[in-house]
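First the structure, in the form of structure tokens, and then the observations on it.
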Amino acid sequence: MAALGRFGNVAPMDGWVGTETMPGVFAQIGMEYLHEHAYSGVPLELFARISEKNHAHSTLNPLAAYTKRMSLEQIMNDVMVAYPNTRPMCSANCDGAARPCSSPTPRCGGCRPGSDGGRSRSRRPS
């Protein structure tokens, strides 16, 4: 079967071979990756370590939606959403935006938050 995109291929099969919820889809993709690449550890711990790193990096971004550092134990012991993903491993249900900057120039003002002359609509929630 030719890949026609996610809609129409995964959703009608929900419950038979997978899920249509995004945490479930991401869990399936992660488990498929581990199946295709040699990994002898525990999937939950591997993905929790990635989430721990991402949460640590979020504390460095004042415009991040969430800026809370979490320990490996906190992540692994949180609510299981779709194995191996716990709640802190899942992305927020919101829209985001990014704009690439290949090199700072006097025109763009460099790569600092708010240095785009007001063109960016991303603002940290109050």
Per the list (1) in contact with a helix residue (DSSP H, G or I) (Cβ under 7 Å, 6 or more places away or on another chain); (2) among the hydrophobic types (A, V, I, L, M, F, W, C); (3) in a helix (DSSP H, G or I); (4) over 27 Å from Glu20 (Cβ atoms), residue check on Ala64 breaks on (3)
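Filter the range 49-85 for residues that are aromatic (Phe, Trp, Tyr) and over 20 Å from Ile29 (Cβ atoms) and give the result.
Tyr66
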Quick check: anything in the range 19-37 modelled with pLDDT of 85 or more and part of a loop (DSSP other than H, G, I, E, B)? yes
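Can you pull out the residues in the range 18-69 that are in contact with a His (Cβ under 8 Å, 6 or more places away or on another chain) and closer than 17 Å to Asn85 by Cβ?
Hit for the range 18-69 is Tyr66, nothing else.
The values are calculated or read from the model by the stated rules, or taken from the named source; none is laboratory data. Because the structure is predicted, anything quoted here is derived from the model rather than measured. Ideal geometry is used to build each Cβ from the backbone, glycine not excepted, and the neighbour counts take in all protein chains shown.
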